[in-house]
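The values are calculated or read from the model by the stated rules, or taken from the named source; none is laboratory data. From a predicted model like this one, the values you see are computed outputs, not experimental measurements. Because the Cβ atoms are built from the backbone with ideal geometry, glycine has one as well, and the counts that use them run over all protein chains shown. These accessible areas exclude ligands, DNA and RNA; they are computed on the full protein's heavy atoms, side chains included. Shrake-Rupley method; radii C 1.70, N 1.55, O 1.52, S 1.80 Å.
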Amino acid sequence: ALTMLHDEGMANVFARHRRLARATQLAVEGWGLENLCVNTDECSNSTTAVLMPDGHDADALRNIILDRFNMSLGMGLGKVQGTVFRIGHIGDFNELMMLGTLSGVEMGLSIAGVPHNKGGVNAAMEFLASTK
């Protein structure tokens, strides 16, 4: 793993994580959901915490996505447990993997009956296709 980091170059690794984080933030905005991090400039490049609409449980959504798509999302920790789920975008992760993850979330939101707008994945896809 260390060789892979050196081969890619740390600056490129950080840029990739930043780009995947931005794609995720755009997907969350496209769904009409809220990012727990309010200031985009201060958001983590490793994970995005998504707030659930009132009356909807993040852990129930996570369980549906795990059961249907065998995809594990991070849970909310401490005082945000049950109110947020976390999407990771760090490590040996690329654009297609990110879009697969976001697609699983968007399908899960529909299956769970969570109010959201369609097209979050499209917003992320357009961003990733237009940037490098």
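Electrostatic bookkeeping for His6 treats Lys and Arg as +1 and Asp and Glu as -1; over the other residues with beta carbon under 15 Å from its beta carbon, the sum is -2. With a Förster radius of 22 Å applied to the beta-carbon distance between Lys118 and Phe14, the computed FRET efficiency rounds to 0.10.
What does the charge dipole of the chain about its Cα centre add up to, to the nearest 20 debye, if the Cβ of each Lys and Arg holds +1 and the Cβ of each Asp and Glu holds -1?
Dipole of the chain, to the nearest 20 debye: 80 debye.
Computed from Cα positions, the angle between helix 95-111 and the longest principal axis of the chain comes to roughly 0 degrees. Note: relative contact order over the chain, using C-alpha pairs below 8 Å and six or more positions apart, is 31 percent. Calculated [222 nm] ellipticity per residue, helices only, for the chain: -17000 deg cm²/dmol; basis is -39500 (n - 2.57) per DSSP H run with n ≥ 4, divided by all residues, nearest 500. If you add up the charges near Thr47, with Lys and Arg at +1 and Asp and Glu at -1, over every other residue whose beta carbon is less than 14 angstrom from its beta carbon, what do you get? That sum, taken over residues with Cβ under 14 Å, equals +3. Of all the accessible heavy-atom surface of the chain, with the other protein chains kept in place and a 1.4 Å probe, what percent is carbon and sulfur? It is 55 percent, rounded to a whole number.
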